[in-house]
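Asker: First the structure, then my questions, so here it is.
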Amino acid sequence: MVTDLKEFAKTAKPSVAVVGLGGAGCNITTWIAQKGMAGGRIIAANTDVNHLYIQKADKLVLLGEKLCKGHGCGGFPEMGAQATRENINEL
Ligand SMILES: Nc1nc2c(ncn2[C@@H]2O[C@H](COP(=O)(O)OP(=O)(O)OP(=O)(O)O)[C@@H](O)[C@H]2O)c(=O)[nH]1
Ligand SMILES: [Mg+2]
């Protein structure tokens, strides 16, 4: 059993990541990044490369390069889901 909680707390830090998905999600995470976020990482992910590369985040993930070829999903959620599966390991 742990006796020194203060020492144990130092090793048991949670890992927090905020993920912005798609146009609206990336707009929100860029807004959060501009305001400043302490103690977590920001990941922005989109199929639309033109919208993605201007985002402010710790990591940018281009989704569905093969499927969408750098474009958006045209508002089709299933295409977004498939594009996300293409890069699920990176996320
Ligand atoms: N409130 C708010 N809504 C937004 C913002 N950006 C986009 N939206 C809305 O969010 C909805 C979804 O749009 P997007 O997030 O761009 O869609 P997406 O996930 O990129 O999907 P595809 O463009 O089809 O790849 C639309 O109704 C947009 O008008 C934003 O910054 N704030
Ligand atoms: Mg979009």
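Asker: Give me the pairs: first residue in the range 40-53 and under 13 Å from Lys66 (Cα atoms) and away from ligand 2 (no atom under 13 Å from the Cβ), second residue part of a strand (DSSP E or B) and among the charged types (D, E, K, R), beta-carbon distance under 8 Å, and six or more apart or on different chains, which are they?
Answerer: Going by the 8 Å Cβ cut-off, there are no qualifying pairs.
Asker: Let me ask something else. State the number of residues belonging to the range 29-60 that are of a type in the set (A, V, I, L, M, F, W, C) and closer than 18 Å to Pro77 by Cβ.
Answerer: Residues meeting the conditions: 1.
Asker: Does the range 58-78 contain at least one residue that is in a loop (DSSP other than H, G, I, E, B) and closer than 20 Å to Ala17 by Cα?
Answerer: The answer is yes; a qualifying residue exists.
Asker: May I ask you to list the residues in the range 79-91 that are part of a loop (DSSP other than H, G, I, E, B) and either more than 26 Å from Lys35 (Cβ to Cβ) or in contact (Cβ under 8 Å) with a residue 40 or more places away in the chain (or both)?
Answerer: Asn87, Ile88, Asn89, Leu91
Every number here is computed from the coordinates shown, using simple stated rules; none is lab data. Here the structure is a predicted model, which means the values were calculated and not measured. All Cβ positions, glycine included, derive from the backbone under ideal geometry; neighbour counts span all protein chains shown.
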